[in-house]
Amino acid sequence: MRGKPVLSKIDELRKRIDEIDEKLLELLNKRAEFAILIGKEKSKTKSNFHVPDREREIVNRLSRINRGPFQNDSLKSVYREILSATLSLERPLTIAYLGPQATFTHLAAMNQFGSSAVYVPTDRLDTIFSEVETGRADYGVVPIENSMEGVVTHTLDLFVDSSVNICGEIFLEIHHFLMSRGKDIKGIKKIYSHPQPVAQCRSWLERNLPNIPHYEVSSTARAAEMSAKEKGAAAIASEAAAGLYRLNILARKIEDNKNNYTRFLIIGKTKRAKSGSDKTSILVSIKDKVGALYYILEPFAKEKINLTKIESRPLRKRAWEYVFYIDFEGHIEDKNVVRTIERLKKEVLFLKILGSYPKWS
């Protein structure tokens, strides 16, 4: 009579993992049940169904008590999906972004809101603002600057007349991939891409694909879509775009500068509470007088507030007048920020607070 098979050490460990997975599933469902109950209580008091500061509090608390070996970056990614899926049981968030699918803006939005949100692609930046203003989208994600190419001026201009608030920021590391229907780089006859990736990959293209013509399109995802339909065409786009359009990646990370990041802003109607590590954005229009710029910078220096960005844009409604977009460290409710804003109001023609929000981490 044969005895029971002896489990190997690996089999025993896998059995323990299976038991833990079953417990995790049970706990996730219990968590979801409590989240549904909280949602019902919110509806009674007409409270906001999405409270981003609570989500941040959850992740920060777990990161503080985490003893590993599970890394905090991985923990944040897991909880982003748990929170996204849980929220969708009540009502999924609707996020407007500059489409189509698999653009870098889309990737940035998914990094923030998880895969259970509803993503609404638009073909114009101003449409993202209007989607949020009208309530058709809970949030919008818009590019504001790239570490290589500089500021996105159209985004800055839209803040002048918009009623939205800046609710957060996202930094996305940008990598470019060369992709095509074909499997050999020698078969490439043309390249589609957005102008920025072409500029960021210029040296690589000159070394590896000299004399191959480049065709500008509205987005990297659109480039991938077009190259999927043409023999001999290639695209410079994200790795996600290659997967979406079933293209072969012929070269990876072809950007000339590996320190390539894009900063995105999250826009919405909510105002963020103090997190302890915040940033504030404002718009100011200065008086036309000698030393005008000095007088708006002086209050920040006196209050020892660190400016992280200042950018000027011409006012479209009045010739030769300018509005300044300023980012600085601190929350609008901080005492030194309050004093600074009060002093600024005496020196400027126009001041608009765009929002205070947690710094990206």
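What to note about this one:
- 28 Å Cα-Cα threshold exceeded, pairs from 269/335; 258/335; 76/271; 304/345; 190/253; 253/274: 258/335; 253/274
- Solution diffusion estimate, µm²/s, Stokes-Einstein, segment 177-251, Kirkwood Rh from C-alpha pairs, 25 °C, viscosity 0.890 mPa s: 211
- Qualifying chymotrypsin sites (Phe, Trp or Tyr not before Pro) for segment 256-344 [loop in DSSP, other Cβ within 10 Å: at most 12]: 320
- Near the amide H of residue 354, within less than 5 Å, lie the amide hydrogens of 281, 282, 283, all on another chain or at least 5 residues away, with H placed in the peptide plane.
- Its alpha carbons considered, segment 129-168 gives a radius of gyration followed by a Dmax of 11.1, 34 Å.
- Separation of segment 97-115 from segment 147-176 is 14 Å, based on Cα centroids.
- Only the Cβ atoms of Lys and Arg (+1) and of Asp and Glu (-1) were treated as charged; on that basis the dipole of the chain about its Cα centre amounts to roughly 460 debye.
- Amide hydrogen neighbours beyond the local backbone of residue 322, cut-off 5 Å, H modeled: 286, 315
- Over the chain, the fraction of Cα-Cα pairs per 20 Å bin, rounded to whole percents and listed from the shortest bin up, is 24, 48, 24, 3, 0, 0.
- Base-10 log of normalised Debye intensity for segment 98-175 (one unit scatterer per alpha-carbon) at q = 0.12, 0.14, 0.17 Å⁻¹: -0.32, -0.44, -0.66
- Across segment 272-358, Cα-Cα pairs more than 23 Å apart make up 19 percent of the total.
- For the chain: relative contact order, % (alpha-carbon pairs under 8 angstrom, 6 or more apart): 16
- Ratio Rg/Rh [Cα only; Rh per Kirkwood] for segment 150-309: 1.12
- Distance from the alpha carbon centroid of segment 259-317 to that of segment 320-358 works out to 6 angstrom.
FYI, it's all coordinate maths here, none of it is from the lab. Just so it is clear, the model here is predicted, and its values are computed rather than measured. Cβ atoms come from the backbone with ideal geometry, glycine included; neighbour counts cover every protein chain shown.
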